[in-house]
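Nothing in this text is a laboratory measurement; each read-out follows from the coordinates by a stated rule. Please read all numbers here as calculations on a predicted model, not as lab measurements. Every residue, glycine among them, receives a Cβ derived from its backbone with ideal geometry; neighbour counts consider all protein chains shown.
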């Protein structure tokens with residue numbers, strides 16, 4: 001198991017390197033550089049700008065520059081935000097927990113919706129419940145997150161006045177009121193993301209369970225006289241979940257996209273809204289770092305999916 | 001040839017003679033249409049989609065209100081006879097703006113889909129016929145692109161390249177080209193895998209072997225004999241891509257990073273309308289609803305096509 005983990009971690013390294021290379025090449029191909037602003041500034045003589053370029057190695061060949069950048073990233077030197085005047089890693093570490101909290105809760109909500117609904121619908125295919133669930137799942141993943149978010153704000157904040165639509169970090173209320181304030185402001189962002197994911201996962205769970213229910217080993221389990229809940233829980237679901245795990249991991253890049261939009265709508269102070277404000281403020285180091293963090297998170301969750309595979313499917317050996 | 005397969009030819013001949021007068025020949029297209037019709041929601045989606053496309057295509061010739069006519073006497077007004085979908089904060093007619101935005105959204109969806117399908121087919125075909133190392137390299141690239149977080153990369157690329165491209169071909173066209181290429185450039189991976197898988201499994205089949213024996217070149221085998229067999233799944237994937245591209249483009253506009261502010265795309269109208277949710281909900285609801293209905297209709301059509309074009313599925 002440990003050896004498998006180490007090997008899997010080693011396989012993840014080339015992917016990370018590949019992503020960082022893609023990121024760096026995009027940036028290097030882009031016109032202009034951090035000193036283009038200096039070139040148009042009349043109070044700085046061209047010689048000074050040239051000296052600065054040489055000092056920061058902007059005239060080096062691209063592979064050398066990539067190498068320096070990579071070494072600096074590995075040392076934890078992620079650059080300095082032009083806009084907020086703090087180190088980028090400090091800024092990201094401030095924002096990352098909120099994003100992970102919102103994304104994590106919404107994924108749990110999505111699973112809590114998708115698993116029971118998908119399994120129940122697949123066990124009674126083409127019943128009324130199945131048709132209603134399938135239609136709603138279809139609508140759920142066709143709804144763009146920005147539209148759902150606005151509709152929820154319209155209903156729960158503007159019409160009913162139940163929930164706040166601006167996410168605040170400086171909640172002063174204590175005790176139960178404080179706890180409720182924290183939960184209330186997270187409900188709508190989590191709902192938006194969770195229902196979108198829940199919709200598409202319900203379809204996958206249903207299809208996956210439907211593939212399994214007619215297999216011979218399920219009939220065997222039934223004919224042994226096992227209780228229906230054992231057959232469903234231990235025999236059907238466990239097998240059906242294997243492809244679902246892949247889908248969950250593969251869809252993560254989309255989840256981050258949804259998270260950026262959701263954070264922007266509800267003004268959640270996570271790294272998604274940080275990315276948007278950094279882009280609007282031309283804050284290149286922050287943009288680079290956040291994109292890279294998102295890529296790392298995708299790879300991390302692919303890794304977790306691989307490990308879950310081994311647990312769900314004994315046919316995959318840990319060698 | 002007739003001599004070597006004597007028995008089967010006669011058998012087929014009898015069957016053809018007896019069947020010909022009563023049964024019309026069933027073409028693949030007709031068969032697909034018959035199966036597509038069974039999926040009621042898909043048919044409904046196709047009708048809605050056709051109406052949408054027709055409306056945005058000929059709508060502006062009938063509803064001749066200019067998209068930027070400012071009317072301060074009717075600011076953020078609700079739907080009325082003069083303005084069927086209401087007006088925005090400058091008193092501009094929302095119906096005219098939505099018709100214009102719909103053209104952009106649907107055009108972006110179609111062009112981005114074409115980019116993704118062409119690029120994916122190309123990569124998949126090359127990977128399928130190329131020797132081992134090239135194949136492995138291309139598939140590694142495909143997997144790499146699959147694990148890239150798409151929206152951050154979309155935002156990054158558009159942020160970096162929009163000024164240089166808009167300087168060359170003009171602001172509106174430049175951003176249109178950029179958005180289509182970038183969105184398509186992040187969608188080609190499933191098609192590439194699909195095409196490669198088809199090539200790997202079909203190139204050992206007898207009909208391709210026959211073509212090879214007749215001296216067909218590799219490219220002719222792929223283009224004439226293998227790719228038509230991959231058409232069904234690619235069409236389904238392409239349909240879904242249109243919906244995804246429309247969502248992606250609206251998302252960019254909604255984040256304020258897509259088309260320039262004076263171009264009224266659906267996402268941009270929604271972005272402007274979100275600050276007036278309390279006094280003018282129609283503004284955001286109509287534009288968001290248009291995106292939702294279009295995407296839902298396309299997805300239903302895709303679902304219907306999946307049923308219709310999969311020969312293994314029995315309906």
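For chain A, the gyration tensor built on C-alpha atoms gives an oblate shape. Its axis ratio a/c (a ≥ b ≥ c) is at least 1.5, and a/b is not larger than b/c. Taking the longest Cα principal axis of chain A as reference, the axis of helix A:252-266 is set at about 70 degrees. Two numbers describe the Cα atoms of segment B:135-238: Rg and Dmax, which are 18.5, 54 Å. The ranking of A:69, A:311 by Cβ neighbour count inside 10 Å, starting from the fewest, reads A:311, A:69.
Relative to the first principal axis of the alpha-carbon coordinates of chain B, what is the inclination of helix B:150-169, with its axis defined by its Cα atoms, in degrees from 0 to 90 and to the nearest 10? Taking the Cα atoms of chain B, the angle to B:150-169 is about 80 degrees. In terms of overall dimensions, the C-alpha atoms belonging to the protein assembly as shown reach 93, 65, 60 Å along their principal axes, ordered largest to smallest. Mind running the shape call on chain B? Use the C-alpha gyration tensor, a ≥ b ≥ c as the square roots of the eigenvalues: rounded below 1.5 for a/c, prolate if a/b tops b/c, oblate otherwise. The shape class here is oblate. Computed over every Cα-Cα pair of segment B:23-133 and binned at 5 Å starting from 0, the pair-distance distribution P(r) comes out as 2, 10, 12, 11, 12, 13, 10, 9, 7, 6, 4, 3, 1, 0 percent. Here the sum of -39500 (n - 2.57) over DSSP H runs of 4 or more residues, divided by the residues of chain A, equals -24000 deg cm²/dmol at 222 nm, to the nearest 500. Ordered by the number of other Cβ atoms lying within 10 Å of each residue's own Cβ, fewest first, B:300, B:153 fall into the sequence B:153, B:300. What the Cβ-Cβ distance of residue A:8 and residue B:201 gives, at R0 = 25 Å and to the nearest 0.05, is a FRET efficiency of 0.30. Distance between the 7 Å Cα→Cβ label points at residue B:43 and residue A:228: 3.5 nm. For segment B:143-197 versus segment B:256-315, the spacing of their alpha-carbon centroids is 20 Å.
Its relative contact order, with pairs defined as Cα atoms under 8 Å and 6+ residues apart, puts chain B at 25 percent.
Peptide B:267-280 has a mean shielding of 2, counted as Cβ atoms of other protein chains within 10 Å of each residue's Cβ. Would you mind pulling out the separation of the Cα centroids of segment A:83-154 and segment B:48-68, in Å? Cα centres, segment A:83-154 to segment B:48-68: 34 Å. For chain B, the longest principal axis of the C-alpha atoms and the axis of helix B:132-146 are separated by about 30°.
Relative protection proxy for A:278-291, A:211-224, from highest mean packing down: A:278-291, A:211-224 (other beta-carbon atoms within 10 angstrom). Using a ≥ b ≥ c from the Cα gyration tensor of segment B:176-315 (square roots of the eigenvalues), is it rounded, prolate or oblate, where a/c under 1.5 gives rounded and otherwise the larger of a/b and b/c decides, a/b for prolate? Prolate, because a/c is 1.5 or more and a/b exceeds b/c. Measuring r between the beta carbons of residue A:242 and residue A:207 and using R0 = 22 Å, the FRET efficiency lands at 0.95. Just need the Rg to Rh number for segment B:127-191, please, alpha carbons only, Kirkwood Rh. Expressed as Rg/Rh, it is 1.11.
When you restrict to C-alpha pairs under 8 Å that are six or more residues apart and normalise by the size of chain A, the relative contact order lands at 26 percent. Taken along the Cα-to-beta-carbon direction at a fixed 7 Å, the label points for residue B:217 and residue B:33 span 3.7 nm.
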